[in-house]
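Down below is the structure, laid out as structure tokens.
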Amino acid sequence: MATTGTLPAPAGGPRTREPARRRRRMSPGARREARWAYVFIAPWIVGFLVFQAGPMLASLWLSLTEYDVINAPTWTGLDNYRRLAEDPAVLRSLTNTLYYTVLHVPLVMAISLGLAMLLLRVGRLQGFFRTVFYLPVMTPAVAVGVLFLLLLNTQDGLINQGLALIGIDGPAWTTDPTWVMPGILLMSLWSLGSTVVIYLAALQNVPPELYEAASIDGAGAWSRFRHVTVPMISGSLFFTLIVNTIASVQMFTEVYTMYFGNRLTQDSYSSDAATFYVIRLFQEAFQFLHMGYASAMAWLLFLVILGITAVQVRLSRRFVYYEGDR
């Protein structure tokens, strides 16, 4: 005779599964801990929704409209994005930004790694020099822009005065379009201290036994650096590559302070050479009140950063080594 329901388990066989409701039942202590966990993460969740997710969705909607803050937004569809593809000012600013990024990131990583390797050899003074290298990172970005505007001054700047002592006529760092980007790159080295500290911590974690084994096998200094040091700190190299790339693409405050903060001395040629993408976005939003167009620019920047980061993550599988890898 046919029966309904589940068949009883055979004798000696595995027990039947407990009902899902009984298995999901939590003890009073676990429920209390879960409630407190939600309480503690609630400020972050609220902050994320209000100050990040909400504004992002609002900017996405505004990017499909024409909005000047004064009047209500007018729906325009994809017109702002079509305009982006045809705007020479946007293309020029994006080119300047990518050019700066390609030069800045490898330069900062190479110099920081060299300084970190030197700090390994200073012994007890390592803590002092580590602090010295990191202190400039704490300087406000506006102050850095003003400082280098004075240092790079053509007539009485400290850098050109130093070059004059060795018989070199210093260039016009802030007015000659050819020298604007080298001046900005020079300024960017001011804040490499954080990268130095990261590399120093990574180098200190390299097992010395690996260097001893490599030396026994006859490896020279370059071979030990290439086959031991670089693979063992590749995780830190990858991290700083991503962080410095994102920071470079979003370069704004220092350059804006130097070349756009004083309208009386602003030069159109040097300003064109110093117009980075975020500066152009800022101008469209708050100088020309093209909020819809600026929102479209912001989303283009987001997609550019997302694409660059995705490529870096994809390529990292070839050169990043973790101790857990086999």
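Computed values, structure above
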| read-out | value |
| --- | --- |
| Only listed residue being of a type outside the set (Asp, Glu), under 23 Å from the mean Cα position of the chain (by Cα) and at pLDDT below 95, chosen from Thr253, Thr265, Thr245 | Thr253 |
| Top-ranked residue of region 133-143 - restricted to ones that are in contact (Cβ under 8 Å) with a residue 60 or more places away in the chain and more than 15 Å from Val197 (Cβ to Cβ), ranked as nearest to the chain's Cα centre (by Cα) | Ala141 |
| Flag if Arg130 is within 30 Å of Phe239 (Cβ to Cβ), among the basic types (Lys, Arg), assigned to a helix (DSSP H, G or I) and touching a residue at least 60 places away in the same chain (Cβ under 8 Å) | yes |
| Count of region 50-82 residues which are in contact with a Pro (Cβ under 9 Å, 6 or more places away or on another chain), among the aromatic types (Phe, Trp, Tyr) and outside any loop (DSSP other than H, G, I, E, B) | 1 |
| Residue under evaluation Val146, criteria (1) within 18 Å of Ser271 (Cβ to Cβ); (2) without any contact (Cβ under 8 Å) to a residue 40 or more places away in the chain; (3) surrounded by fewer than 18 Cβ atoms within 10 Å (Cβ to Cβ), criterion not met | (2) |
| Number of the condition not met by Ala42 [criteria: (1) surrounded by 11 or more Cβ atoms within 10 Å (Cβ to Cβ); (2) modelled with pLDDT of 90 or more; (3) hydrophobic (A, V, I, L, M, F, W, C)] | (1) |
| Test for Ala294: is it surrounded by fewer than 20 Cβ atoms within 10 Å (Cβ to Cβ), in a helix (DSSP H, G or I) and of a type outside the set (Ser, Thr, Tyr) | no |
| Of the criteria (1) without any contact (Cβ under 8 Å) to a residue 60 or more places away in the chain; (2) within 26 Å of the chain's Cα centre (by Cα), which one Met297 fails | (1) |
| One residue from Tyr67, Tyr100 being modelled with pLDDT of 95 or more and aromatic (Phe, Trp, Tyr) | Tyr100 |
| All positions within region 157-174 that are within 17 Å of Val255 (Cβ to Cβ) and either among the aromatic types (Phe, Trp, Tyr) or surrounded by fewer than 17 Cβ atoms within 10 Å (Cβ to Cβ) (or both) | Trp173 |
| Hits in region 68-120 (condition: closer than 18 Å to Gln287 by Cβ, over 21 Å from the mean Cα position of the chain (by Cα) and polar (S, T, N, Q)) | Asn71, Asn80 |
| Any helices (runs of 4 or more DSSP H) falling wholly within region 176-252 and containing at least 3 residues that are among the small types (Gly, Ala, Ser) and surrounded by 15 or more Cβ atoms within 10 Å (Cβ to Cβ) | 193-204, 234-249 |
| Neighbours by Cβ (under 6 Å, 6+ apart or cross-chain): first from region 172-186, assigned by TED's automatic domain parsing to the domain that holds Leu107 and hydroxyl-bearing (Ser, Thr, Tyr); second surrounded by fewer than 19 Cβ atoms within 10 Å (Cβ to Cβ) and not in a helix (DSSP H, G or I) | Thr175/Asp267 |
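The values are calculated or read from the model by the stated rules, or taken from the named source; none is laboratory data. No experiment lies behind these values; they were computed from the predicted model shown. So basically every Cβ, Gly included, is an ideal-geometry build from the backbone, and we count neighbours across all protein chains shown.
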